[in-house]
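Data block below; observations after.
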Amino acid sequence: MESGIRPGASKLLGFFSWQGNNWSFEQSSWLSYLIIAIAFFIIFLMMIYKVRIYQYINFQSNNSKILKIFPSKDSLFQFIGYFGMFFFLLRIILLAVSGYPNQWELLPLHFCRLFLFLIFLAFIFKKHEFIKYFAFLSIGGAIIGLFISDLSNSPFWGQANELFPEQFGRGGFDIGLDSYIFWDYFLAHSIALIIPVFVLTILKVKITKRDSQISIIISFIFTIFIFFLNWLLFEYASREWKSNYFYIGRLVQITIFGKLSEWPLSLLTYIVLGIIIYYLIFWIWIFQDKFSFEVSKKYLIKKISLNKSQNWIFYNSKYFVDLTKFRNK
């Protein structure tokens, strides 16, 4: 049985090194699968017990052992927001002081990082309903990030190896479970997946056609802004600040779509991909809402019902009262 220790690893590389420590990504893949499985299991539980959880948060707060710690549910969400921002700041400090080559990653403008930052910001300012404007893209981006993750010294890092030979030449870039970057990556993407689902499913934040239009327009404008920001930084910034936000920069390419992944066609490709992801997650959200679960006092499923989607009815109606939230199951 393998010990899990990567041969030849420098003893100077510790948990807070951006280059990784002793465990490789391949040897740590089992843990990444476990984290992904737990994230989706949490979502599965939210789908089944959404009515119970909603009642617990909104109607039974006086008897809630968790919510007794906080004056209100908004205070709970504020705590989550500040807690998340603390780790955002901690990550920035670690990357800055460790000499991480890609200094542009200090700014939370990468796809899922941006959504995660906005989620925590919305909680801090008690505006969790604004999460609906980027919820579907956050969910889709997080799923993609979790399932195509590769923190090893793969061909993706080829250009980085050329730009920063002195850093990558001393051990490469292979991140395993004994590096904070591993935990940061998978936990951040899991949170970017779970919280939007929680907001839409448990807090019952509804989405209208107008909301969808606003979401797509804002996302389109911001993507154009990011495209030109990447371009400007590539032309005029130092090598540490040649960014690849939203994966539409000129420096490092994801070639999964062949020629369509190349700059500047990548802009159009990922705009189209973003729209597809938005509506794919949208229809999954509509479909899951058709199912309601009646559970016993012991939290066992007693009955599964197939109903009209309340989300779909609201999406197509200006006037809507969600009666399902008042059911006592």
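The values are calculated or read from the model by the stated rules, or taken from the named source; none is laboratory data. Please read all numbers here as calculations on a predicted model, not as lab measurements. All Cβ positions, even for glycine, are placed from backbone atoms using ideal geometry, and neighbour counts span all protein chains on display.
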Task: From the options ILE202, ILE194, residue that is within 30 Å of TRP23 (Cα to Cα) and touching a residue at least 60 places away in the same chain (Cβ under 8 Å) - done: ILE194
Open item on the list: Just the residues that are free of Cβ contacts under 8 Å to residues at least 40 places away in the same chain and in a helix (DSSP H, G or I), please, taken from region 222-253.
Closed with: PHE222, PHE225, PHE228, ASN230, TRP231, LEU232, PHE234, GLU235, TYR236
TODO: Would you mind finding the one in ILE286, ILE301 that is in contact (Cβ under 8 Å) with a residue 12 or more places away in the chain, among the aliphatic types (A, V, I, L, M), touching a helix residue (DSSP H, G or I) at 6+ places or on another chain (Cβ under 6 Å) and within 30 Å of ARG52 (Cβ to Cβ)?
DONE: ILE286
TODO: Select the helices (runs of 4 or more DSSP H) contained entirely in region 45-151, then report the ones holding at least 2 residues which are over 30 Å from GLU294 (Cα atoms).
DONE: 73-97, 111-124, 135-147
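Looking at this structure, is GLY258 more than 21 Å from the chain's Cα centre (by Cα) and free of Cβ contacts under 8 Å to residues at least 24 places away in the same chain? Give the derivation first.
On the way: more than 21 Å from the chain's Cα centre (by Cα): yes; free of Cβ contacts under 8 Å to residues at least 24 places away in the same chain: yes.
Here the answer is yes, as GLY258 does meet what is asked.
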- [ ] Filter region 292-329 down to residues that are within 26 Å of ILE143 (Cβ to Cβ) and either modelled with pLDDT under 85 or surrounded by 14 or more Cβ atoms within 10 Å (Cβ to Cβ) (or both), then give me how many there are.
- [x] 9
Open item on the list: Checking LEU95 against (1) surrounded by 13 or more Cβ atoms within 10 Å (Cβ to Cβ); (2) modelled with pLDDT of 90 or more, only one condition comes out false. Which one?
Closed with: (2)
Task: Tally of residues being assigned to a helix (DSSP H, G or I) and either polar (S, T, N, Q) or surrounded by 16 or more Cβ atoms within 10 Å (Cβ to Cβ) (or both) across region 18-30 - done: 1
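Being among the aromatic types (Phe, Trp, Tyr), closer than 20 Å to VAL197 by Cβ and surrounded by 13 or more Cβ atoms within 10 Å (Cβ to Cβ) is the requirement here; does TRP231 meet it?
no
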